[in-house]
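Before any comments, here is the structure.
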Amino acid sequence: PMQRQKKNQQKMLSSLQNGNTVLTSGGIVGTIISIGDDETLVLRVKPDNIKLQVARSAVSNLVTGEGKK
């Protein structure tokens, strides 16, 4: 089960795209606005549209409910 979970996590991380809403391991919810070549993402966090740069590995979940999977 752990190998399956790790494989699913890696699959999700590799399929991230601009516009996806994600939840980080620190509990921050944001929308991806750019993906860097060095395994980093720039997230736009509401309500003040603050931009944060986070490591791709910090993403724990893809947030669904906005019609995106």
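Restricting attention to region 43-54 and to residues that are without any contact (Cβ under 8 Å) to a residue 24 or more places away in the chain and open to solvent by less than 50 Å² (accessible area, probe 1.4 Å), the residue that is farthest from Lys11 (Cα to Cα) turns out to be Val45.
Which of the residues that make up region 1-42 are part of a strand (DSSP E or B) and either under 13 Å from Val63 (Cα atoms) or open to solvent by 70 Å² or more (accessible area, probe 1.4 Å) (or both)? Thr21, Val22, Leu23, Thr24, Val29, Gly30, Thr31, Ile32, listed by residue number.
For region 44-69, the tally of residues that are of a type outside the set (S, T, N, Q), under 8 Å from the mean Cα position of the chain (by Cα) and not in a helix (DSSP H, G or I) stands at 2.
The values are calculated or read from the model by the stated rules, or taken from the named source; none is laboratory data. Keep in mind the model is a prediction, meaning the values are calculated, not measured. Here the Cβ is made from the backbone with ideal geometry for all residues, glycine too, and neighbour counts use every protein chain on show. Surface areas here come from the heavy atoms of the whole protein model, side chains and all, with no ligands, DNA or RNA. Shrake-Rupley method; radii C 1.70, N 1.55, O 1.52, S 1.80 Å.
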